[in-house]
1. Relative to a virtual label point 7 Å from the Cα of Glu120 in the Cα→beta-carbon direction, which members of segment 60-87 show backbone nitrogen distances below 12 Å?
2. Normalised by the empirical 2.2 N^0.38 Å for globular proteins, what value does the Cα Rg of segment 92-152 take?
3. Length gain on complete extension for the stretch Gln44 to Lys72, per 0.36 nm per residue less the alpha carbon to alpha carbon distance?
4. How large is the Kirkwood hydrodynamic radius of the chain, counting all unique pairs of alpha carbons, in Å?
5. How many percent of all Cα-Cα pairs in segment 1-79 sit more than 18 Å apart?
6. Using the structure shown, list the pairs from Lys30/Lys123; Lys10/Lys138; Lys52/Lys124 with a Cα-Cα distance above 26 Å, or answer none.
7. Name the residue farthest towards the positive end of the dipole of segment 1-143 from the options Gln44, Val7, Thr133, assuming +1 on Cβ of Lys and Arg, -1 on Cβ of Asp and Glu, about the Cα centre.
8. Size of the dipole of the chain about the Cα centre, Lys and Arg at +1 and Asp and Glu at -1 on the beta carbon, nothing else charged, in debye to 20?
Amino acid sequence: MSINAGVHEKGTLSIFNLLKNTRKKPDFHKVGAIAIFIGVVRGQTREDETVKELKLEAYEEKADEVLENICKELQTREGIVDVQIHHFTGIFHVGEELVYVLVAGSHRSQVFPVLEEAVERYKKEAPIFKKETITDKKGVVKSYWVSERKTE
């Protein structure tokens, strides 16, 4: 895990750590915009079921590598000074933070598209797995890996 990206146990990193890391960059004087995405646990599924908790696991070594590579690649974009992606593992309840993505650059018009791409890419590329425990409309508690449910 690097300072720019990685998988972390829940509660071991704050958004303030990311901002501190960014301010230490040698090119920080070029920054005019910082955008941050914070992913949180949603309390309802697309099927209107109630989410009780999420368990997140990762193939950490590979996830760290993938996240770092995404950050390095996106940092080569014009005007971009810093990209960070930090995903958490553990058991989470509704409203808790799961992931931080930060992009710093010269102008907001450069930062926002890179932020969106960083989010879409980590969701598709990083080996991070989500097990959802829900209460369905009949009151039955069920747990499933999210990737399994999509194929049903």
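Values quoted throughout were computed directly from the atomic coordinates according to the rules given, and no laboratory measurement underlies them. Note that the coordinates shown come from a computational prediction; the quantities given were computed from them, not determined experimentally. When we count neighbours, we look across all protein chains shown, and the Cβ atoms used for this are built from the backbone with ideal geometry, even at glycine.
1. No residue qualifies, since no backbone N sits under 12 Å from the label point.
2. Values: Rg = 16.3 Å, N = 61, 2.2 N^0.38 = 10.5 Å.
Ratio of Rg to 2.2 N^0.38 Å for segment 92-152: 1.55.
3. On the way: separation 28, 0.36 × 28 = 10.08 nm, distance 3.41 nm.
Using 0.36 nm per residue and subtracting the Cα-Cα distance, I get 6.7 nm.
4. Values: mean 1/r = 0.0615 Å⁻¹.
Taking the inverse mean of 1/r over all distinct Cα pairs, the chain comes out at 16.3 Å.
5. Working: 1764 of 3081 pairs.
Summing the P(r) tail past 18 Å for segment 1-79 gives 57 percent.
6. On the way: Lys30/Lys123 29 Å; Lys10/Lys138 31 Å; Lys52/Lys124 24 Å.
Lys30/Lys123; Lys10/Lys138, as the Cα separations exceed 26 Å there.
7. Gln44
8. Values: 24 positive and 25 negative charges, 68 e Å.
My answer is approximately 320 debye.
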